[in-house]
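One structure is given here, and the rest of the page talks about it.
The values are calculated or read from the model by the stated rules, or taken from the named source; none is laboratory data. Note that this is a predicted model, so its numbers are computed, not measured. Glycine gets a Cβ as well: all are built from the backbone with ideal geometry, and neighbour counts include every protein chain shown.
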């Protein structure tokens, strides 16, 4: 599912208010069909309690959230600053804090790391507990204070491999475990993305995406035209997984807030169903590797 802009934020807020308003009033604020589907699914399916950290001292939380942020050279300094500012402001926003309070535990755990090439991942902020405005401010300040860096290549697969074991000894027991991946390009280093994604999903972890689509692709870059489609078909997965694309710089903060509110509000959207057919897929999940091979040759990729 793809959600974007003001419409997406309104959709989230309407869902969060579902139990405080009637169906008729809800229909006035969001599309009736989408609301009915989402509410029906949330009401009929109790969340599975799949806990990674089973230690007796682990703190119960509504969500364990890993924020994985692209710092490859394709992200220019302005985009990096906007990306980080988006998370900083979203974590302290009124909408985020409202969704936090409405959770069963009223708490989430979050860690934040940056990634680029296959073996280039760096934890900027280890696991932290957010249980109200004060702790949210502290987390936001810690992220904001970290120095900026950039590195070569784009390995979404490497980021997912790095993220998966972070849940095992987090110190928290999350009803849901989510990896929040943001980036501006397709996987072009490390393992292929689809088998890597499927391995993460098999562990009961949901992957959501924030594809950054500010640049127009041209022959001199590794950018692709339909990065949102690539994220939908090749990167995200799990219960309620979604994509929030960013097409303009001014959307960063709003889109990031929308995404975080969805991730902690425990409102699952309808699963996206693509009927089996003989038609070609919407996009190749090895497009990034193919572009790298075409430009530089070699690379050791098996694209079969």
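Quick notes on this structure:
- Residue in segment 144-165 that is within 20 Å of residue 91 (Cα to Cα), buried (at least 18 other Cβ atoms within 10 Å of the Cβ) and without any contact (Cβ under 8 Å) to a residue 40 or more places away in the chain present: no
- Out of 180, 168, 137, sole residue that is touching a residue at least 40 places away in the same chain (Cβ under 8 Å) and touching a strand residue (DSSP E or B) at 6+ places or on another chain (Cβ under 6 Å): 180
- In segment 48-72, the residues that are modelled with pLDDT of 85 or more, part of a loop (DSSP other than H, G, I, E, B) and touching a strand residue (DSSP E or B) at 6+ places or on another chain (Cβ under 7 Å): 58, 71
- Residue list for segment 144-156, filter: closer than 16 Å to residue 121 by Cβ and part of a helix (DSSP H, G or I): 156
- Residue 193 meets each of the listed conditions (1) modelled with pLDDT of 95 or more; (2) under 22 Å from residue 63 (Cα atoms) apart from (2).
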